[in-house]
1. Among the residues of the stretch 188-203, is there at least one that is part of a helix (DSSP H, G or I) and open to solvent by less than 50 Å² (accessible area, probe 1.4 Å)?
2. Could you list all residues from the stretch 16-26 that are open to solvent by 50 Å² or more (accessible area, probe 1.4 Å), over 15 Å from Arg124 (Cα atoms) and within 23 Å of the chain's Cα centre (by Cα)?
3. Which residue is least open to solvent (accessible area, probe 1.4 Å), if the candidates are limited to the stretch 161-172 and must be in a helix (DSSP H, G or I) and farther than 23 Å from Ser44 by Cβ?
4. Output yes when any residue across the stretch 182-194 is under 30 Å from Ala9 (Cβ atoms) and aliphatic (A, V, I, L, M), and no when none is.
5. With (1) open to solvent by less than 30 Å² (accessible area, probe 1.4 Å); (2) farther than 30 Å from Lys189 by Cβ; (3) modelled with pLDDT under 80 as the list, and Gly29 as the residue in question, which single condition is left unmet?
6. Would you check which residues across the stretch 128-157 are of a type in the set (A, V, I, L, M), out of contact with any strand residue (DSSP E or B) (no Cβ under 7 Å at 6 or more places or on another chain) and open to solvent by 30 Å² or more (accessible area, probe 1.4 Å) and list them?
7. For residues in the stretch 99-118 being among the charged types (D, E, K, R) and touching a Gly at 6+ places or on another chain (Cβ under 8 Å), which is nearest to Arg27 (Cα to Cα)?
8. Out of Val93, Val13, I need the residue that is modelled with pLDDT under 90, under 20 Å from Ala154 (Cβ atoms) and either more than 15 Å from the chain's Cα centre (by Cα) or among the charged types (D, E, K, R) (or both). Which one?
Amino acid sequence: SARTAGLLAAVLVAGALTAASWFHRARGGALAPFIGEDNRLSTSRAVAGSWVLLVAFAVLVLVGRLAAASDHGERDALIDGLELARGAGVVTVLAVVCGIAVLVRRVVGLRVQGQRLQKVRAHRPRAADLLTDDSGRGSFADIQYVVINAVALAFAAVRLARRPDQLPDLPWGLAVVVLVSAGTYLAGKYAEGGRPVILSVVRAREAGDLDAPIRTGDDIEIRGTGFVPAGAQGADRLARMVVRVGPVNVHVPLVPVVGGFDNPADDLLTVPVPADVEPGRVDVQVVTAAGVETNRYTIDVTE
């Protein structure tokens with residue numbers, strides 16, 4: 001009866017996923033709930049969805065066995081298998097990972113609105129998004145969260161296979177490890193990002209040039225941090241960058257090199273002072289590809 005119930009539960013879960021894929025076929029199919037607003041696979045949603053599927057499958061197995069049971073003692077044993085004392089560990093982990101998924105979405109949204117985090121929409125979701133940051137580099141917080149939860153899921157699946165008459169009894173030691181991993185992941189989300197900042201603006205000078213003030217037509221070097229958001233290293237994204245020199249918007253010229261672009265860089269970009277800028281004290285401000293504005297930096301432009 002356990003094998004039959006398991007097969008029926010698998011068919012029901014697969015049918016639900018197939019129906020979800022059909023209704024959301026224009027938005028990623030079955031992966032639609034796991035794709036974030038930036039068109040990347042969300043690690044927190046994927047982990048929470050895995051636990052939801054496992055618990056749903058376990059409950060369906062118990063329902064199938066309960067429907068097939070003819071003995072009162074067997075039915076009572078199956079109902080006792082749903083008691084909280086039997087599955088307290090897995091229920092706690094399920095509640096935490098689902099809460100983390102909701103909280104991370106809220107935290108990221110507030111940080112983007114407050115211009116403390118830059119988000120650039122990806123061209124398409126990839127499986128690597130679960131283990132990397134927006135720029136494609138491996139993220140420790142994401143990797144440890146996925147690995148530890150995968151191990152815990154494997155343990156819970158084996159426990160369910162061994163004892164299909166109750167919810168997987170996840171040991172509290174393993175449950176605490178998952179909770180620590182979730183806390184690390186959430187702390188990493190709070191720590192990532194930052195607002196772009198202009199630290200200094202100087203006249204660009206080549207070897208042999210004489211020292212001189214900034215004049216109209218000169219190139220200026222804007223030094224700072226956070227000018228190129230993660231995931232915006234392509235030419236189509238870098239072309240959106242704008243430098244406001246007084247009332248004039250200057251598009252940053254792209255200087256290609258092997259493997260990327262020399263200008264703009266995350267900590268340095270070079271633009272010319274347009275002829276429409278009047279001499280005097282002028283504010284300089286950078287608008288990144290994510291639409292985030294830096295602080296204003298005042299320079300003196302002479303005739």
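1. Initial filter on the stretch 188-203 (part of a helix (DSSP H, G or I)): 188-191.
Applying the additional criterion that residues be open to solvent by less than 50 Å² (accessible area, probe 1.4 Å) yields 188-189.
Taking every residue of the stretch 188-203 in turn, at least one turns out to be part of a helix (DSSP H, G or I) and open to solvent by less than 50 Å² (accessible area, probe 1.4 Å).
2. Hit for the stretch 16-26 is His24, nothing else.
3. Start the filter on the stretch 161-172 by keeping residues that are in a helix (DSSP H, G or I), which leaves 161-162, 172.
From what is left, the residues that are farther than 23 Å from Ser44 by Cβ are 161-162.
Values: Ala161: 80, Arg162: 190 Å².
The qualifying residue least open to solvent (accessible area, probe 1.4 Å) is Ala161.
4. Taking the stretch 182-194 first, the residues under 30 Å from Ala9 (Cβ atoms) are 182, 185.
Among the residues that remain, those that are also aliphatic (A, V, I, L, M) are: 182.
Checked the stretch 182-194: at least one residue is under 30 Å from Ala9 (Cβ atoms) and aliphatic (A, V, I, L, M).
5. If we test Gly29 against (1) open to solvent by less than 30 Å² (accessible area, probe 1.4 Å); (2) farther than 30 Å from Lys189 by Cβ; (3) modelled with pLDDT under 80, just (2) comes out false.
6. Let us first name the residues in the stretch 128-157 that are of a type in the set (A, V, I, L, M), namely 128, 130-131, 141, 143, 146-148, 150-154, 156-157.
Narrowing the set further to residues that are out of contact with any strand residue (DSSP E or B) (no Cβ under 7 Å at 6 or more places or on another chain) leaves 128, 141, 143, 146-148, 150-154, 156-157.
Correct list: Ala128, Ile143, Val146, Val147, Ile148, Ala150, Val151, Leu153, Ala154, Ala157.
7. The first filter runs over the stretch 99-118 and keeps only residues among the charged types (D, E, K, R), leaving 105-106, 111, 116.
Retained after the next criterion (residues that are touching a Gly at 6+ places or on another chain (Cβ under 8 Å)): 105, 111, 116.
Working: Arg105: 18, Arg111: 25, Arg116: 28 Å.
Restricting to residues being among the charged types (D, E, K, R) and touching a Gly at 6+ places or on another chain (Cβ under 8 Å), the top hit is Arg105.
8. Values: Val93 fails: modelled with pLDDT under 90.
On inspection, the qualifying residue turns out to be Val13.
The values are calculated or read from the model by the stated rules, or taken from the named source; none is laboratory data. This is a predicted model, so every value here is computed, not measured. Virtual Cβ from ideal backbone geometry, glycine too; neighbours counted across all protein chains shown. SASA here: full protein model, heavy atoms, side chains in, ligands and nucleic acids out. Shrake-Rupley method; radii C 1.70, N 1.55, O 1.52, S 1.80 Å.
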